[in-house]
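Read-outs throughout are calculated quantities, based only on the coordinates presented, and are distinct from any laboratory measurement. Everything numeric in this text was worked out from a predicted model, so none of it was measured. Quick reminder, even Gly has a Cβ in these numbers, built from the backbone with ideal geometry, and neighbours come from all protein chains shown.
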Amino acid sequence: MAKRSDAVQILEKRLGYFPKRFRWHGRHFSVLSVERVWCTARAWPRAVEQRHFAVSTAEGLFVLCHDLRHDVWAVGQAPRSPRSSPHTFELRTQW
């Protein structure tokens, strides 16, 4: 379970599933795109216990974790400084 300081409030979902807007540490973030979604479980063949969403925001890449048993959202990974950090990756148009 995530620490209380990592708690996230999901303000809006897209299609009732994907995070669209969230609040973390009193700041609001809008999701520009969902980069990846995966699930984890403690042991096979148990049901999925957590869903993870790698999401891009204007401030950088976050990994949001949804604990399905307790219906709690948390930040698993965040940009080093979400206030001023640009994306941690660049799109390349030429190689």
From the set of residues in region 6-47 that are among the aromatic types (Phe, Trp, Tyr) and touching a residue at least 12 places away in the same chain (Cβ under 8 Å), which is surrounded by the fewest Cβ atoms within 10 Å (Cβ to Cβ)?
-> Trp38
Subset of region 49-77 (residues that are more than 15 Å from Arg21 (Cα to Cα) and either surrounded by 12 or more Cβ atoms within 10 Å (Cβ to Cβ) or touching a helix residue (DSSP H, G or I) at 6+ places or on another chain (Cβ under 8 Å) (or both)) = Glu49, Gln50, Arg51, His52, Asp67, Leu68, Val72, Gly76, Gln77
